[in-house]
Amino acid sequence: MPEISRRDALRYGAATVAVATAVGGAQALSGSGSPARATPAHRDPRDFTVTYRGREITGVHAGSGDRSALRAGATGAAHEVHIDGRRLAVMAIALPGGTGYISALNHYEPVLIDTGGNQDGLLRLARRAVDVLGDRELTALAGATHDHGR
Amino acid sequence: MGVRKNARDLTSAEKAAFVAAVKRLKAQTTGRNYDWFVTTHINYFAAVGGVRYAHQSPSFLPWHRQYLTEFEKALQVLDPSVSLPYWDWTGDRTATGAPFTADFMGGTGAGGNGPVTTGPFAGATNWRITVSASSATSLRRALAAGGATLPTGTQVNRVLNVAAYDAAPWSSASATGMRNMMEGWNRQGANLHNAVHVWVGGHMAQQDSPNDPVFWLHHCNIDRLWSQWQTRWGFDAGHYLPPAGTAGVVDLNEEMQPWGGVTPAAVLDHRASYTYA
């Protein structure tokens, strides 16, 4: 078991067992096979703590009622994503059909978040970032927010 | 006057000269070295001082035209024989063909998204990444991974057939106009520029995409396609929009930072400086 998963198993162990059978929605959320280790506070499908390709990804959508997963200094006003505890800035970008989001890791492929059937948008963005990142880590540059306009 | 050739038509000597000049610029420790170009693209991708210069704006095409010229000039200081080549991805569409051969750009990443293993840019000893959102120090690619596809010639023609250069709101939200289809935020009918970054993957998918030398070949092709559009519709000032008075973007006669006094109007007709073969 990778280091991160072992640590989280200790941290979230009890809750994981409790929700593994009870929260079907969290399972459906992680479409690519990684079981979501949701805590009871993560019932909103737009917020998540999952393991994907061995990496822990956490997401808190803008305006989430669950502030427990926010890191120190985060206001909750913007979408927050962390990969193995390192921040990945999520930036809004205006599109013909609405607002999309990009990150430093997937800078040319905006995803829709929150609108219509896109409640899993933030998770899809985070997964794509892990796909690009492979076995490397995010740097401080990835956590820096830039103004791309909406 | 320089002639920019299709990468597939370069001789072995021309490929070697281009690679050597790029590596010398990377090794340069002062001035506008390779990493200065990487950092400049990162800084100007987003809005600077409330103005969008390099992306999501009408000046996407002229800003990158000047960016390519500055890079080409930097290479020519090191080797006057070098011109930028272009990668015509409507013709060369495989992960193993030109320009991804071992004698030029090298191939895809190990395991589909890892370090490039072939060619002159494989491994951190040959080509060390220092400015990036990822801690990877070796160049990475994921050619054609995840179902990504390259734009087709039909899609290119669809973009070149659009008469209007750009349209309000002069951003990534523009629903009509050639520029936002070329750039690829408007994905209705065609997505040229963005889709190629995604197809290459690895560093090319990231904010720090110029870390992959194939960036220059891709953008050289985008500049060539704009030149084709200009050949059809006009190289004149009437074929850049907006003309004046638009906040947040570069109007025809406004300066493009960080290129000093260079305006879109100044770069529209490139034919006295370079042409495409």
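The values are calculated or read from the model by the stated rules, or taken from the named source; none is laboratory data. Quick caveat, the model's predicted, so the values are computed rather than measured. Backbone-built Cβ (ideal geometry, glycine too); neighbour counts: all protein chains shown. Surface areas here come from the heavy atoms of the whole protein model, side chains and all, with no ligands, DNA or RNA. Shrake-Rupley method; radii C 1.70, N 1.55, O 1.52, S 1.80 Å.
Yes or no, residue by residue, for (1) in contact with an Asp or Glu (Cβ under 8 Å, 6 or more places away or on another chain); (2) at pLDDT below 90; (3) within 13 Å of chain B (Cβ to nearest Cβ):
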{"position": "A:Gly33", "(1), (2), (3)": "no, yes, no"}
{"position": "A:Arg37", "(1), (2), (3)": "yes, yes, no"}
{"position": "A:Phe48", "(1), (2), (3)": "no, no, no"}
{"position": "A:Thr51", "(1), (2), (3)": "yes, no, no"}
{"position": "A:Glu80", "(1), (2), (3)": "no, no, no"}
{"position": "A:Gly97", "(1), (2), (3)": "no, yes, yes"}
{"position": "A:Gly116", "(1), (2), (3)": "no, yes, no"}
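Only one of A:Asp66, A:Asp120 is among the acidic types (Asp, Glu), surrounded by 19 or more Cβ atoms within 10 Å (Cβ to Cβ), in contact with a helix residue (DSSP H, G or I) (Cβ under 8 Å, 6 or more places away or on another chain) and away from chain B (no Cβ under 14 Å). Can you tell me which? Steps first, please.
Working: A:Asp66 fails: surrounded by 19 or more Cβ atoms within 10 Å (Cβ to Cβ).
Residue meeting the stated conditions: A:Asp120.
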Q: Return the total of residues in the stretch A:131-143 being buried (at least 24 other Cβ atoms within 10 Å of the Cβ) and more than 7 Å from chain B (Cβ to nearest Cβ).
A: 0
(Q) Looking for something more than 12 Å from chain A (Cβ to nearest Cβ), assigned to a helix (DSSP H, G or I) and either modelled with pLDDT of 95 or more or on the phi < 0 side of the Ramachandran plot (or both) - is there at least one such residue anywhere in the stretch B:241-260? (A) no
Q: Sort out which residues of the stretch B:165-205 are free of Cβ contacts under 8 Å to residues at least 40 places away in the same chain, part of a loop (DSSP other than H, G, I, E, B) and either surrounded by 24 or more Cβ atoms within 10 Å (Cβ to Cβ) or within 9 Å of chain A (Cβ to nearest Cβ) (or both), and write them in order of number.
A: B:Pro169, B:Ala173, B:Ser174, B:Ala175, B:Thr176, B:Gly184, B:Asn186, B:Arg187, B:Gln188
Q. Applying the selection to the stretch B:50-61, what residues are surrounded by fewer than 19 Cβ atoms within 10 Å (Cβ to Cβ) and facing chain A (nearest Cβ under 10 Å)?
A. B:Gly50
Q) Which of the residues belonging to the stretch B:225-254 are under 16 Å from B:Ala167 (Cβ atoms) and of a type in the set (Asp, Glu)? A) B:Asp251
**Q.** Residue count, the stretch B:38-71 (criterion: among the hydroxyl-bearing types (Ser, Thr, Tyr) and under 16 Å from A:Tyr108 (Cβ atoms))
**A.** 2
Q) If we keep just the residues of the stretch B:139-159 that are within 11 Å of another protein chain (Cβ to nearest Cβ) and in contact with a Ser or Thr (Cβ under 9 Å, 6 or more places away or on another chain), which is most open to solvent (accessible area, probe 1.4 Å)? A) B:Ala145
Q) What is the residue count in the stretch A:99-113 for residues that are more than 18 Å from B:Arg52 (Cα to Cα), of a type in the set (A, V, I, L, M) and within 9 Å of chain B (Cβ to nearest Cβ)? A) 1
Q) Residues of the stretch B:60-93 being touching a residue at least 24 places away in the same chain (Cβ under 8 Å), out of contact with any helix residue (DSSP H, G or I) (no Cβ under 7 Å at 6 or more places or on another chain) and assigned to a loop (DSSP other than H, G, I, E, B), which ones? A) B:Gly91, B:Arg93
Q) Could you list, in sequence order, the residues of the stretch B:33-71 that are among the charged types (D, E, K, R) and under 12 Å from the mean Cα position of the chain (by Cα)? A) B:Arg65
Q) Just a yes or no: is a residue in the stretch B:68-81 crowded, with 16+ Cβ neighbours inside 10 Å, closer than 30 Å to A:Ala89 by Cα and aromatic (Phe, Trp, Tyr)? A) yes
**Q.** Filter result for B:Gly111 (free of Cβ contacts under 8 Å to residues at least 12 places away in the same chain and open to solvent by 50 Å² or more (accessible area, probe 1.4 Å))
**A.** yes
Q: Could you please give the count of residues in the stretch B:167-222 that are modelled with pLDDT under 95 and touching a strand residue (DSSP E or B) at 6+ places or on another chain (Cβ under 6 Å)?
A: 0
Q.
So if I check each of B:Val131, B:Val162, which one is in contact with a Ser or Thr (Cβ under 7 Å, 6 or more places away or on another chain) and surrounded by fewer than 22 Cβ atoms within 10 Å (Cβ to Cβ)?
A. B:Val131
Q. Give me the pairs: first residue in the stretch A:90-113 and within 21 Å of A:Asp135 (Cα to Cα), second residue in a loop (DSSP other than H, G, I, E, B) and aromatic (Phe, Trp, Tyr), beta-carbon distance under 9 Å, and six or more apart or on different chains, which are they?
A. A:Ile102/A:Tyr108
